[in-house]
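Inspection log for the structure reproduced underneath, given as structure tokens.
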Amino acid sequence: MYRAARLRSWREPLGFLLKATDKIGVKCYKTSSALNSSAGEHVANGDILYKQEHLQLRQSLRKIIDQEINPYVDDWEARGQFPAHKVFKTLGSAGFLGVNKPTEYGGLGLDFSYSVAVAEELGHINCGGVPMAIGVQTDMATPALATFGSDKMKRTFLVPTIAGDMVACLGVSEVGSGSDVANIQTKAVRKGDDYVINGGKMWITSGCQANWMCLLANTSDRSPHQNKSLFCLPMDAKGITIAKKIDKMGMRSSDTAQIFFEDVKIPADHIIGEEGAGFTYQMIQFQLERLWGTAAALLPMDKLIAETSEYTRQRKAFGQPILNNQVVHFTLAELQTEVEALRSMLYRAVGLYIEGNDVTKMASMCKLKAGRLSRQVTDSCLQFWGGMGFTNEVLVSRFYRDFRLLSIGAGADEVMLSIICKYMNILPQASGKKK
Ligand SMILES: Cc1cc2nc3c(=O)[nH]c(=O)nc-3n(C[C@H](O)[C@H](O)[C@H](O)COP(=O)(O)OP(=O)(O)OC[C@H]3O[C@@H](n4cnc5c(N)ncnc54)[C@H](O)[C@@H]3O)c2cc1C
């Protein structure tokens, strides 16, 4: 009763977004007149992407983060895993796991700018691991299913994932191929009415807790860009082994698994879209992942710069606040300027994306810059905290470890540079490479 009442209070501010959810039986709350008057207008704080509705969405999410997530983050970090089912049920019940998914499958039916607003607000969580797992659920493992999947697969996997009843993971990377996605070796061979899967996946976020995996596997001997398919793979299928939970330097509250498949049989209708189109679907899915990852890095950088300003204002050395040294306040100003530049680039890329443009180049630029800048911000801020920065008692050291991943995961910096070069027409053609 108490929980239902609280969920309702979080959901109430979303009422103006939920008109369409009447169809799926979700209670629709009345819009306040104050909100009506400003709905649809861009807010007057300089944001080029967000309207009043985006900000309301973010405020509602912040309440959940403050009450249901941040108080437990230290404990989850220490345990090396957060309770994904519990947290996702809370977020799913409040509407946050399907912001841009179709209403007939339980989503809010909004455009991708609302997902970006949610991703940005998730940066208020005091670690990188929990937001990353939420991002896998909402914008990494599910976009291809929502866009190309059959109605049956969407009802079986997408609806419970949006509701927070299932945890999703994304299975692309393997032991022998991370950056070179085209080179994956896992096979799904069609046998009668089934596919039989053999191989393995590496680095799978939420892999220890997931109910299903969006799996990329080879389904033919055609060229590497035409021989792959995406599948909805139930993680309780016979022949799946969680080989280990990987011990990592950062993102500690998010579990990361190595997984093996031995003669795993799934019905042929578990394929997402067309056989052979999986590589293309995954590349499309990666664009959203990269924009999402950029958005989720912004608030932590703002927060670290603000906390470092405050700490160095209080802390004295050589008879004056550390902040008074020009190298310190100039560096913090420089970093904040860079964060704002990244924010602007992200908003522009998202604006172009929701208007239907191909933003592969800009999404890669955003991801590259986010990786580089989050390393710069965490490293510079940690330096100004001195010995305190080197302890596990301050946020800066956690983000220093967590955000190191941003230059590696979802395509390393060098892979982003290669994509940008390709779009600039300056990437040398690899000789003898299969098309
Ligand atoms: C915590 C964590 C969570 C992850 N979650 C998932 C997940 O949920 N699902 C999933 O499928 N994968 C996941 N990954 C995998 C991640 O996407 C890969 O680690 C990443 O793509 C890099 O692949 P790799 O680790 O095999 O590095 P490699 O491919 O071995 O590359 C190593 C390094 O070589 C360099 N390099 C690579 N290619 C080039 C090039 N063309 N030019 C110059 N230099 C190059 C880069 O510096 C790169 O970092 C996760 C990884 C981590 C660490």
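I'd like the FRET efficiency for K191 and Q320, computed as 1/(1 + (r/R0)^6) with the beta carbon distance as r and R0 of 51 Å, rounded to 0.05.
It comes to 0.10.
Who wins for biggest fluctuation among K89, K244, K101 in a Gaussian network model of the chain, springs between alpha carbons below 10 Å?
Looking only at K89, K244, K101, the largest GNM fluctuation is found for K244.
Using alpha carbons only, how many degrees (0 to 90, rounded to 10) separate the axis of helix 413-423 from the longest principal axis of the chain?
70
With springs only between Cα atoms under 10 Å, which of V116, V396, V189 fluctuates most in a Gaussian network model of the chain?
Sorting by GNM fluctuation, first place goes to V189.
Could you tell me which of S223, Y311, T331 has its Cα farthest along the dipole of the chain towards the positive end, charges placed at Cβ (Lys, Arg +1; Asp, Glu -1), taken about the Cα centre?
S223
Run the quick spin-label model on E355 and E340: label points 7 Å from Cα toward the beta carbon, then report their separation in nm to one decimal.
2.4
Specify the residue with the greatest mean-square fluctuation among R375, R62, R79, computed from a Gaussian network of the chain linking alpha-carbon atoms under 10 Å apart.
For the chain, modelled as a Gaussian network with Cα springs under 10 Å, the answer is R79.
Would you compute, from DSSP H runs of 4+ residues alone, the mean residue ellipticity of the chain at 222 nm, taking -39500 (n - 2.57) per run and dividing by the full residue count, rounded to the nearest 500?
Value at 222 nm, helices only, nearest 500: -13500 deg cm²/dmol.
Where in the stretch 292-321 does the amide nitrogen come within less than 19 Å of the point 7 Å from the Cα of D66, taken along Cα to Cβ?
Only 299-300, 302-304, 306-307 fall inside the zone, counting backbone N under 19 Å.
Could you work out how far helix 360-384 tilts from the main Cα principal axis of the chain, as a 0 to 90 degree angle to the nearest 10?
The helix 360-384 is inclined about 40 degrees to the chain.
What angle, in degrees between 0 and 90 and rounded to the nearest 10, separates the Cα long axis of helix 2-11 from the longest principal axis of the Cα atoms of the chain?
The angle comes out near 80 degrees.
Calculate the length of the line joining the C-alpha centroid of the stretch 123-169 to that of the stretch 295-336, in whole Å.
36
Taking amide hydrogens as modeled 1.01 Å from N in the peptide plane, which residues meet the under 5 Å criterion relative to L170, leaving out close sequence neighbours?
Counting only residues 5 or more places away or on other chains, the set is T205, C214.
Mind giving me the nanometre distance, one decimal, between the label points for S223 and K265, set 7 Å out from Cα along Cα→Cβ?
3.6
Given H placed 1.01 Å from N in the peptide plane, which residues other than close sequence neighbours of L108 have an amide H under 5 Å from its amide H?
Those qualifying (amide H under 5 Å, at least 5 residues apart or on another chain) are G98, V99, N100, K101.
Distance in nm between label sites at S418 and Q383, each 7 Å beyond Cα in the beta-carbon direction?
3.2
Rounded, prolate or oblate: pick one for the stretch 208-301, where a ≥ b ≥ c are the square roots of the eigenvalues of its C-alpha gyration tensor, a/c under 1.5 means rounded, and failing that, prolate if a/b is larger than b/c, else oblate.
Verdict is oblate for the stretch 208-301.
Bear in mind that the values in this text are calculations on the coordinates, not laboratory data. All values reported here derive from a predicted model rather than from experimental measurement. Don't worry about glycine lacking a Cβ; one is built from the backbone with ideal geometry, like all the others, and counts go over all protein chains shown.
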